[in-house]
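S.K.: This is the structure I want to talk about, given as structure tokens.
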Amino acid sequence: MSAVVLPIVVGVDGSEPSLRAVDWAADEATLRGVPLRLVFASLWERYEGESLADDLGKPSEQVTAEDIVRTAAERARLRQGGLRISTEVLSEEPEYALVHEGRSACALVLGSRGRSGFAEMLLGSVSLTVAAHAVCPVIVLRGSHDNRVRAGGRGRVVVGVGEKTADSAALRFAVDEAKLRRATLDAVRAWRCPAHETTDHPLLAGEPARLHEQHAAEVLDKAVKDIPADVDLRRRTVEGPARRVLPAASYEADLLVVGARRNSGHLGLQLGRVAHAVLHHSACAVAVVPEGV
């Protein structure tokens with residue numbers, strides 16, 4: 001009995017960020033050898049934007065969800081011939097629909113902002129909500145990133161290494177992505193010296209920092225010790241909070257991978273500060289990988 005091949009699901013709404021996500025997802029699906037599933041979800045039937053309407057030669061009030069997914073599917077076919085593509089139009093809130101779709105997907109791919117996003121927002125609410133609740137990896141294309149998985153890229157996948165990253169889902173995902181892209185895997189461990197441990201004594205100056213950096217190196221070595229030898233691995237310990245170190249590292253990368261150890265509370269599952277920061281400030285695509293789901 002053959003194993004079920006889960007698709008990559010991409011959320012489409014006709015906006016430019018979502019169409020770029022279609023391009024990226026088509027490349028990613030081809031690399032993985034999996035189908036591509038295009039999902040439009042909205043409680044409103046008609047599209048309210050203008051750019052896609054111009055492309056279709058229709059007034060915006062006549063552009064329907066079926067037009068959007070059909071155009072997106074054709075775009076994906078032109079980009080990656082032979083790709084298996086399915087489409088779905090759902091009359092549901094997009095956050096709910098995409099989180100549900102993620103239960104039967106190997107990954108979800110989203111644009112950074114949808115058609116209803118305000119230009120001044122760093123990240124659209126749909127992308128943030130889906131990243132916070134999906135049970136599969138969620139890849140969000142940041143606005144400054146191009147729409148290609150590999151061609152013309154930087155050849156680097158960055159993964160943030162936390163205190164409990166050994167054998168983590170995020171690290172396994174990053175290793176697989178680096179292999180698929182034949183890219184360098186840049187494993188980054190951020191570290192900080194607490195302010196109360198600093199000292200002005202000339203004989204002790206720098207000692208607390210050295211110990212914290214040494215601990216970071218040990219954590220990093222433990223996390224990556226089982227990574228296969230055929231992966232081009234680069235280890236880095238960087239002083240500073242992870243929510244600043246990782247976005248800075250993203251400028252040299254094609255994909256930034258972080259784990260999501262979610263906190264449950266009265267508001268439901270929430271992303272941690274690091275995942276929030278990289279989703280808002282990364283210069284490249286971000287993969288948020290749930291841990292312990």
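Since every read-out is calculated from the coordinates, none of them should be taken as a lab result. Keep in mind that what you see is a predicted model, and the values were worked out from it rather than measured. Cβ: placed from backbone, ideal geometry, glycine included. Neighbour counts: every protein chain shown.
S.K.: Compare the peptides 176-183, 5-12 by average per-residue count of other Cβ atoms within 10 angstrom and give them in order, highest first.
M.R.: For the peptides 176-183, 5-12, the packing ranking is 5-12, 176-183.
S.K.: Using a 10 Å cut-off on Cβ atoms, rank the peptides 236-247, 125-136, 76-87 from the highest mean neighbour count down.
M.R.: 125-136, 236-247, 76-87
S.K.: While we're on this one: Can you compute the FRET efficiency between Q214 and V135 using 1/(1 + (r/R0)^6), with r the Cβ-Cβ distance and R0 = 35 Å? Round to the nearest 0.05.
M.R.: 0.45
S.K.: In what sequence, highest mean first, do 18-24, 96-102 appear when ranked by Cβ atoms within 10 angstrom?
M.R.: Taking the mean over residues of other Cβ atoms within 10 Å, the ranking is 18-24, 96-102.
S.K.: Taking 45 Å as R0, compute the FRET efficiency from the Cβ-Cβ separation of E16 and E239 and round it to 0.05.
M.R.: After rounding to 0.05, the efficiency reads 0.75.
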